[in-house]
Amino acid sequence: MKDPLFQPIKINQMDIKNRIYMPAMALNMTNDYKITDRLVDFYAERARGGAGMICVGLASVDEMAGGPMLIGAHTDEMIPGLAKCAAGINDNGSRSVLQINHAGRYNHSFMLGGKLPLAPSAVASNLTGETPRAMEIEEIKETVQNFAKAAGRVKKAGFDAVEVLSGTGYLISQFLSPLTNIRTDEYGGSYENRMRFPLEIMAEIRKEVGNDYPLMVRMNGNDFMEGGQGRLELQKYAKALVEIGGVDALCINVGWHEARVPQIVTCVPRATFAYMAKEIKKIVDVPVIASHRINDPETAREIIADDFCDMVAMGRGLITDPYLPEKARTGREKEIVHCIACAQGCFDHVFEMTPIECLCNPKAGYETTKAITKTDSPKKVLVVGGGAAGMSAALAACEKGHNVTIYEKSDRLGGQLFIAALPPGRAEFELFAKDLETQVKVNDIKVVLNTEVDEALIKSENPDSVILSTGAEPLTPPIPGVDGPNVVQAWDVLNGKVYTGNRVIVIGGGAVGVETALFLAEKGTLTGDQVKFLLVNKAEPVEDILKLAIEGTKDVTLIEMVEKVGKDIGRSTKWVMMRDLNLYGVNTMVGTKAVEITETGVKIEKGTGIDELEADTIIMAAGSSPLNPFQEIVEKMGIECNVIGDAKQIGLAYDAVHQGYDVGRSI
């Protein structure tokens, strides 16, 4: 039987070799709107990896549309750089697309030289905190033409197709939505009027590029904004885009940046939003592309085979593993390194206005500058500790040509990735541990498990270089009563080594404390399968099922000395976790110091007073400290020594992987 994922497909006159589409993402790899070699190298590698079609983007249609860290398509001066990018994709076997966009009120005045952003109406943006200026009719007409001129530059630069971004809360979305369009002229009011702006854009682009040039649109299937546009209204828009606008393909996006429904993080089940593409596919006669959290070939081929869509958009999946398509095509799916939707290197970097990277792939964005070349002097390298940092270092050192052995004291590789995977919605961290282990096996790196390293072992191995990735150990703050029988460590709770009573206090509001509180707060709630069973069989009222899904059996209190919790959680995931603390009924107390642990609870100091909270179990989540018992020993032996990961400095999994890679390739 033919693999649905690797059947060719046609969009207008463009033939595509398979059904895998890399959608446009802001990479922050430009220089004053201009394409850089770094960006070209990034996309050329994804083309070599086998994606059928690759979209580059958020390209600005005029100077009010974006900013210098984004791609520009608003002057002819940009065409040579765009052409170089298109060639980098086309010459390596993929079809190239450029996405054009106008941010509207999502732009920032500091990106516009102090000018106010433009929008259909002067409605403040929750994303930027600014109120835009309402566009005059003449400015609307000019912007329509700017879209068309930008599309002409896309074609002239050699891209195989152009895509218009009509979603995510940007300018076209702002015209479509009654939340942001309160105009009373021909561009506001009725839905037909609110659709006028995008449909005029499509008509002018078609005039500019001709009938045979593929015109695509990336649009929302639901904006998830209260009082905004739901599925039914956007389905009507999809139909209008095809039947009136002459659009050749639709890529179905989800949500605005302001929406309070998680869209990209680990807790979102794979392909959750494909149902939106399915409903639109029923009513249009052009290819429809599903997107969001499709990070593995099996999920992709299943939704294609089940007629949810014609193609799948894999964005971060191809950042993580550029060769995902080719591995799937050649029967090597087990070798794929999957995106785990952590957002630590991609979306968090976008918010920080720095070039995107990837927790799982330290080469992403450094395809040329951090490429590894084989050494002429292979060394014997001993890696102590098989967590994320250790495996990353071992893989890089092996790629360079060294003879590498990993020693791990436990019975499996992965280290703290398995702890990170235990809180609700974080299971894919375990997948990353297993993906790294697979890479270790594929590269024939020797692994010795269940073995404590000591000075004698190091001497017997006689390595040329030692990499210490021995991890961390939990901190125990000097609180009176901390050694009591009712006190346990968060790591032991997450690992299932200890059980807690029903009344629980978690001391420490960092990432581990928040994750532990949520882990316990979900105890006794309905699982996803149970919710579906009860809903399908109408066993209980929907409101009761919702209540049973979020009300657990534990009474959880989280206390933190400073005024905020989650200070070490990335922006992309933090808002979801903070919301869930409230949703699952965790009592969060900031500015609260634990001064003593008693047999019945915790004495706290908040402000000027002392109070006592009753609890059955007190959980310490006060952080961790580096565990590094071998550095001095190795250095005294005169052996080259590098310390990485938490053994060097407590950090994120992202830090561990990247440090490991950099050290491994430097040997």
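Out of Gly524, Gly484, Gly509, I need the residue that is surrounded by fewer than 21 Cβ atoms within 10 Å (Cβ to Cβ), touching a strand residue (DSSP E or B) at 6+ places or on another chain (Cβ under 7 Å) and part of a loop (DSSP other than H, G, I, E, B). Which one?
Values: Gly524 fails: touching a strand residue (DSSP E or B) at 6+ places or on another chain (Cβ under 7 Å); Gly509 fails: surrounded by fewer than 21 Cβ atoms within 10 Å (Cβ to Cβ).
Testing whether each residue is surrounded by fewer than 21 Cβ atoms within 10 Å (Cβ to Cβ), touching a strand residue (DSSP E or B) at 6+ places or on another chain (Cβ under 7 Å) and part of a loop (DSSP other than H, G, I, E, B) leaves just Gly484.
With respect to Arg260, determine if the residue is part of a loop (DSSP other than H, G, I, E, B) and either of a type in the set (D, E, K, R) or surrounded by fewer than 24 Cβ atoms within 10 Å (Cβ to Cβ) (or both). I'd like the intermediate steps shown before the answer.
Numbers: part of a loop (DSSP other than H, G, I, E, B): yes; either of a type in the set (D, E, K, R) or surrounded by fewer than 24 Cβ atoms within 10 Å (Cβ to Cβ) (or both): yes.
Yes; evaluated as a whole, the condition is true for this residue.
Is it the case that the stretch 569-581 has a residue that's over 28 Å from the mean Cα position of the chain (by Cα) and either at pLDDT 90 or above or among the hydroxyl-bearing types (Ser, Thr, Tyr) (or both)?
Taking the stretch 569-581 and keeping what is over 28 Å from the mean Cα position of the chain (by Cα), we get none.
For the stretch 569-581, residues over 28 Å from the mean Cα position of the chain (by Cα) and either at pLDDT 90 or above or among the hydroxyl-bearing types (Ser, Thr, Tyr) (or both): absent.
Between Ala51, Ala73, Ala65, which is surrounded by 21 or more Cβ atoms within 10 Å (Cβ to Cβ) and under 16 Å from Pro325 (Cα atoms)? Steps first, answer last, please.
Working: Ala73 fails: under 16 Å from Pro325 (Cα atoms); Ala65 fails: under 16 Å from Pro325 (Cα atoms).
Criteria check complete, one pass: Ala51.
Looking at the stretch 616-633, can you tell me whether even one residue there is surrounded by 15 or more Cβ atoms within 10 Å (Cβ to Cβ), in a helix (DSSP H, G or I) and over 26 Å from the mean Cα position of the chain (by Cα)?
yes
Within the stretch 1-51, track down each residue that is over 18 Å from Ala86 (Cα atoms) and not basic (Lys, Arg).
Start the filter on the stretch 1-51 by keeping residues that are over 18 Å from Ala86 (Cα atoms), which leaves 1-10, 12, 18-19, 32.
Result: Met1, Asp3, Pro4, Leu5, Phe6, Gln7, Pro8, Ile9, Asn12, Asn18, Asp32.
Scan the stretch 547-558 and give yes if some residue there is in a helix (DSSP H, G or I), surrounded by 21 or more Cβ atoms within 10 Å (Cβ to Cβ) and β-branched (Val, Ile, Thr), otherwise no.
As a first pass, look at the stretch 547-558 and keep what is in a helix (DSSP H, G or I): 547-550.
Then keep just the ones that are surrounded by 21 or more Cβ atoms within 10 Å (Cβ to Cβ); that gives none.
No: the stretch 547-558 contains no residue that is in a helix (DSSP H, G or I), surrounded by 21 or more Cβ atoms within 10 Å (Cβ to Cβ) and β-branched (Val, Ile, Thr).
Right, Glu632: among the acidic types (Asp, Glu), in the same structural domain as Asp464 (by TED's automatic domain parsing) and at pLDDT below 95 or not? Even if it seems obvious, please write down each step before you answer.
Numbers: among the acidic types (Asp, Glu): yes; in the same structural domain as Asp464 (by TED's automatic domain parsing): yes; at pLDDT below 95: yes.
Against the criterion (among the acidic types (Asp, Glu), in the same structural domain as Asp464 (by TED's automatic domain parsing) and at pLDDT below 95), Glu632 qualifies.
In the stretch 301-321, which residues are assigned to a helix (DSSP H, G or I) and under 15 Å from Ile264 (Cα atoms)?
Restricting attention to the stretch 301-321, the residues satisfying the condition of being assigned to a helix (DSSP H, G or I) are 301-305, 316-320.
The answer is Arg316, Gly317, Leu318, Ile319, Thr320.
Can you pull out the residues in the stretch 642-658 that are touching a strand residue (DSSP E or B) at 6+ places or on another chain (Cβ under 9 Å), buried (at least 19 other Cβ atoms within 10 Å of the Cβ) and of a type outside the set (Val, Ile, Thr)?
Initial filter on the stretch 642-658 (touching a strand residue (DSSP E or B) at 6+ places or on another chain (Cβ under 9 Å)): 642-650.
With the extra rule that they be buried (at least 19 other Cβ atoms within 10 Å of the Cβ), the set shrinks to 642-648.
Of everything in the stretch 642-658, those that are touching a strand residue (DSSP E or B) at 6+ places or on another chain (Cβ under 9 Å), buried (at least 19 other Cβ atoms within 10 Å of the Cβ) and of a type outside the set (Val, Ile, Thr) turn out to be Asn642, Gly645, Asp646, Ala647, Lys648.
Among Gly386, Gly365, Gly345, which is assigned by TED's automatic domain parsing to the domain that holds His658 and not aromatic (Phe, Trp, Tyr)? Steps first, please.
On the way: Gly365 fails: assigned by TED's automatic domain parsing to the domain that holds His658; Gly345 fails: assigned by TED's automatic domain parsing to the domain that holds His658.
Within the list Gly386, Gly365, Gly345, the selection yields Gly386.
Cβ contacts < 7 Å: first residue on the phi > 0 side of the Ramachandran plot, restricted to the stretch 327-354; second residue among the β-branched types (Val, Ile, Thr), any location; separation 6+ or different chain. Result?
So the pair list comes out as Ala341/Ile264; Ala341/Val265; Ala341/Thr266; Ala341/Val268; Ala343/Ile264; Ala343/Val265; Ala343/Thr573.
Within the stretch 550-568, does at least one residue satisfy the condition of being within 29 Å of the chain's Cα centre (by Cα), free of Cβ contacts under 8 Å to residues at least 40 places away in the same chain and over 26 Å from Gln530 (Cα atoms)?
yes
Sort out which residues of the stretch 168-208 are touching a Lys or Arg at 6+ places or on another chain (Cβ under 9 Å), surrounded by fewer than 19 Cβ atoms within 10 Å (Cβ to Cβ) and within 20 Å of Arg231 (Cβ to Cβ), and write them in order of number.
Correct list: Pro178, Tyr191.
Of (1) outside any helix (DSSP H, G or I); (2) surrounded by 24 or more Cβ atoms within 10 Å (Cβ to Cβ), Val154 satisfies all except one. Which?
(1)
Being assigned by TED's automatic domain parsing to the domain that holds Glu233 and over 23 Å from the mean Cα position of the chain (by Cα) narrows it down to one residue among Glu163, Glu142; which is it?
Details: Glu163 fails: over 23 Å from the mean Cα position of the chain (by Cα).
Answer to the selection: Glu142.
Have a look at Ile545, Ile604 and point out the one that is free of Cβ contacts under 8 Å to residues at least 24 places away in the same chain, outside the structural domain of Ile467 (by TED's automatic domain parsing) and aliphatic (A, V, I, L, M). Don't jump to the end; show me each part of the working.
Values: Ile604 fails: free of Cβ contacts under 8 Å to residues at least 24 places away in the same chain.
Sole residue among the options that is free of Cβ contacts under 8 Å to residues at least 24 places away in the same chain, outside the structural domain of Ile467 (by TED's automatic domain parsing) and aliphatic (A, V, I, L, M): Ile545.
Would you tally the residues in the stretch 364-400 being part of a strand (DSSP E or B) and either farther than 26 Å from Ser410 by Cα or acidic (Asp, Glu) (or both)? Explain how you work it out, then say what you get.
Initially, the stretch 364-400 is screened for residues part of a strand (DSSP E or B), giving 380-384.
Filter once more, so that each one left must be either farther than 26 Å from Ser410 by Cα or acidic (Asp, Glu) (or both): none.
So the count comes out to 0.
Being touching an Asp or Glu at 6+ places or on another chain (Cβ under 9 Å), within 27 Å of Ile252 (Cβ to Cβ), surrounded by 15 or more Cβ atoms within 10 Å (Cβ to Cβ) and among the aromatic types (Phe, Trp, Tyr) is the requirement here; does Phe159 meet it?
Values: touching an Asp or Glu at 6+ places or on another chain (Cβ under 9 Å): no; within 27 Å of Ile252 (Cβ to Cβ): yes; surrounded by 15 or more Cβ atoms within 10 Å (Cβ to Cβ): yes; among the aromatic types (Phe, Trp, Tyr): yes.
Taking the combined requirement at face value, the residue does not satisfy it.
Checking the condition part of a helix (DSSP H, G or I) and at pLDDT 95 or above, which residue from Ala47, Ala24 passes?
Testing whether each residue is part of a helix (DSSP H, G or I) and at pLDDT 95 or above leaves just Ala47.
Considering the stretch 158-214 alone, what residues qualify as being out of contact with any Phe, Trp or Tyr (no Cβ under 9 Å at 6 or more places or on another chain) and of a type in the set (S, T, N, Q)?
Thr180, Thr184, Ser190, Asn211
The values are calculated or read from the model by the stated rules, or taken from the named source; none is laboratory data. Computed from a prediction, not measured in an experiment: that's the story for all the values here. Note that we place each Cβ from the backbone using ideal geometry, even for glycine, and neighbour counts take in every protein chain shown.
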